[in-house]
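Working notes, structure below.
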Amino acid sequence: MKSSEIRKSFIEFFQKKDHKFIRSAPVVPIGDPTLLFTNAGMNQFKPIFLDESKPEHVRAVNSQKCIRVSGKHNDLEEVGIDTFHHTFFEMLGNWSFGDYYKKDAIKWAWELLTDVWGLDKNRLWVTVYKEDQEAYELWLSQTDIEEDRVLWFGKKENFWEMGETGPCGPCSEIHYYIGENIANQSSEGVNIDAQYWELWNLVFIQNERLADGSLVQLSQSHVDTGAGLERITSVLQNKTSNYETDLFQPVIKELESKSKIKYVDNPVPFQVIADHIRMLCFSIADGALPSNEGRGYVLRRILRRASRFGRVLKLEEPFLHKLVPSLCELMSEAYPELMEKSTHIKLVIGTEETLFNQTLGRGINHLEKLIDKLDSGSTISGEDAFKLYDTYGFPIDLTQLIARENDIKVDEDGFDSEMSKQKKKARQSGKFKLKDKNINWVTLSSEKDSEFVGYEYLKTSSRVLKYAEIENGFIIVLDKTPFYAESGGQVGDIGSISFDGVDLTVIDVQKQNEMIVHLCKGEVSNWSKATSVKCLVDEDHRNNVKRNHTATHLLHAALKSVLGDQVQQAGSLVHPNYLRFDLTYFEKISKYK
Ligand code: SER
């Protein structure tokens, strides 16, 4: 059976049992800040489990695109080394939202695996949670599995949780022995030996884990099952490696022809690349882009890992983007978004790997010289790692990756401390910062908050709540003020604060919590009489800032209309005389685009 037929037969099996097919959610989660990527089929149903929304159908079936690259469920360094863990995989699932429970979930999983797909019952093992007597008995009463193939396990193996918080519950897993000789099997191997593959996890969602670690009972019980399509395909195609199935072979064949090296002669680099290109294509199709932060940084790391492994196959020039069309073709029957976005995906990957090659080219000599001087097992200093970062643009994990290949460590703490030193320097060279000074406030009133009235007034009569002397002037907090404080990259107002014949020039206005602090130049000798002051905002300055503020919005809209939605505002500076607009875009913007 082809992988596409297996996917289809899973879905049809449950459709016949009144399940409604639901499309995969994007791998870039919408509206769940606890997740970097969609990492399980249940993510999109989390609000249903938590009673926050009602399901349209109480039974569902789907094939969910999942990415596991960090956190609870994966270790990136292992991917490609073994033959059955992936950064991107498809999870086939059937769902009950407060409808059927353990009995049908168990009965149907067994029926599909053994009757429909005809898996050998003498290779299947089942695990249940140590406190779930009910599941244990159901396996024996609802299926013909032999009793000694049903095993008890503890919380680590058989209590499923999506992350630190969220819906969870006891689970029952189905494992398959892929070894050559079935007489060599033993219950001891399950969950330990790599020849026993977990194929399908049936989770009985009945609890929620809260942020304080406690477990509460949900108002209803649900079924969430997840079967890895790659492993099932491997087993049904009589393979012992997912990479030997039709889900990966087309890409591996293409790599063989590009590199002139045979997969069997050095499988790991082929596997890493064949895995990573899927993750890259699916995540970019769903809107992610390589960058220096968060999700984008994960993409960048994965792309660089694949690109580095390409060098093992003597692929020095950018090559990953050339794999995009065949991967999109392979997967687009089930996920048409890939074909729709294939030009974009190819462009993003091509641009990123070209940039990466340039970075590598710049710093690699320097790093190699460093490594040459070190004995194996020793450490690159924080200072050197920081120089690579600061001068050559080598992110720390690239230095780590290359160092690891040479059996050398990197002093990460040292790197972090160099980084904070640099940040401190940058701060010190900047302008007056409220938090950096030991300010000796003189308090004239116990009120703490200042009211901003500058949208209605440019002039006010205000009271001084407190003040402090600084170099060449004062900082002053008022009960109410027409001065706009610097915020979101927009400079503060300027103007004057006067009293008793004294004029102070307001040169900057900053916010500290609920206080608006005016930085003023000038001299005042007698404050005691001076608690009531007149404020005047420089109107020209304000209007010029306003215009440039409007201009940033216009510029953003224009960039979007020319370059598309991928343009992201990364920051801006709005000044009376000019504006700066920082943006991220996946490639260099030319004059004409
Ligand atoms: N939520 C479970 C898992 O991800 C079953 O779908 O393994």
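Details
- Unmet criterion (only one of (1) in contact with a Phe, Trp or Tyr (Cβ under 8 Å, 6 or more places away or on another chain); (2) under 30 Å from Leu140 (Cβ atoms); (3) hydrophobic (A, V, I, L, M, F, W, C)) for Phe88: (2)
- Of all residues in region 178-219, those that are within 19 Å of His85 (Cβ to Cβ) and either out of contact with any Lys or Arg (no Cβ under 6 Å at 6 or more places or on another chain) or open to solvent by 10 Å² or more (accessible area, probe 1.4 Å) (or both) total 13.
- Screening Gly169 with (1) within 15 Å of the ligand (Cβ to nearest atom); (2) open to solvent by 30 Å² or more (accessible area, probe 1.4 Å) gives one miss only, at (2).
- Test for Phe97: is it within 13 Å of the ligand (Cβ to nearest atom) and either in contact with a Leu (Cβ under 8 Å, 6 or more places away or on another chain) or open to solvent by less than 60 Å² (accessible area, probe 1.4 Å) (or both): no
- Number of residues in region 493-529 that are within 16 Å of Asn472 (Cα to Cα), of a type in the set (S, T, N, Q) and modelled with pLDDT of 90 or more equals 2.
- For region 273-299, a tally of residues being open to solvent by 40 Å² or more (accessible area, probe 1.4 Å), of a type in the set (Ser, Thr, Tyr) and touching a residue at least 24 places away in the same chain (Cβ under 8 Å) returns 0.
- Among residues of region 332-354, those that are under 24 Å from Ile22 (Cα atoms), in contact (Cβ under 8 Å) with a residue 12 or more places away in the chain and surrounded by 16 or more Cβ atoms within 10 Å (Cβ to Cβ), counted: 6
- Residue that is nearest to the ligand (Cβ to nearest atom) [pool: residues in region 1-35 that are outside any helix (DSSP H, G or I) and in contact with a Leu (Cβ under 6 Å, 6 or more places away or on another chain)]: Pro29
- Tabulated pairs, region 447-464, first part of a loop (DSSP other than H, G, I, E, B), second among the aromatic types (Phe, Trp, Tyr) and at pLDDT 95 or above, C-beta under 8 angstrom, 6+ apart or interchain: Gly454/Phe483; Gly454/Tyr484
- Single unsatisfied condition, Leu536 versus (1) among the hydrophobic types (A, V, I, L, M, F, W, C); (2) open to solvent by 30 Å² or more (accessible area, probe 1.4 Å); (3) free of Cβ contacts under 8 Å to residues at least 24 places away in the same chain; (4) in contact with a Ser or Thr (Cβ under 9 Å, 6 or more places away or on another chain): (3)
- Scanning region 134-151 for any residue that is surrounded by fewer than 21 Cβ atoms within 10 Å (Cβ to Cβ), under 19 Å from Lys16 (Cβ atoms) and among the aromatic types (Phe, Trp, Tyr) turns up nothing.
- Residue match in region 198-208 (condition: away from the ligand (no atom under 16 Å from the Cβ), in contact (Cβ under 8 Å) with a residue 12 or more places away in the chain and in contact with a Phe, Trp or Tyr (Cβ under 6 Å, 6 or more places away or on another chain)): no
- Screening region 36-53 for residues that are more than 10 Å from the ligand (Cβ to nearest atom) and not in a helix (DSSP H, G or I) and picking the one that is most open to solvent (accessible area, probe 1.4 Å) gives Glu52.
- The criterion of at least 1 residues that are of a type in the set (Val, Ile, Thr) is met by the following helices (runs of 4 or more DSSP H) wholly inside region 95-185: 102-110.
The values are calculated or read from the model by the stated rules, or taken from the named source; none is laboratory data. Remember, predicted model here, so these are calculated numbers, not experimental data. Don't worry about glycine lacking a Cβ; one is built from the backbone with ideal geometry, like all the others, and counts go over all protein chains shown. For the accessible areas, the whole protein counts, side chains as well, though only heavy atoms, and no ligand, DNA or RNA atoms are used. Shrake-Rupley method; radii C 1.70, N 1.55, O 1.52, S 1.80 Å.
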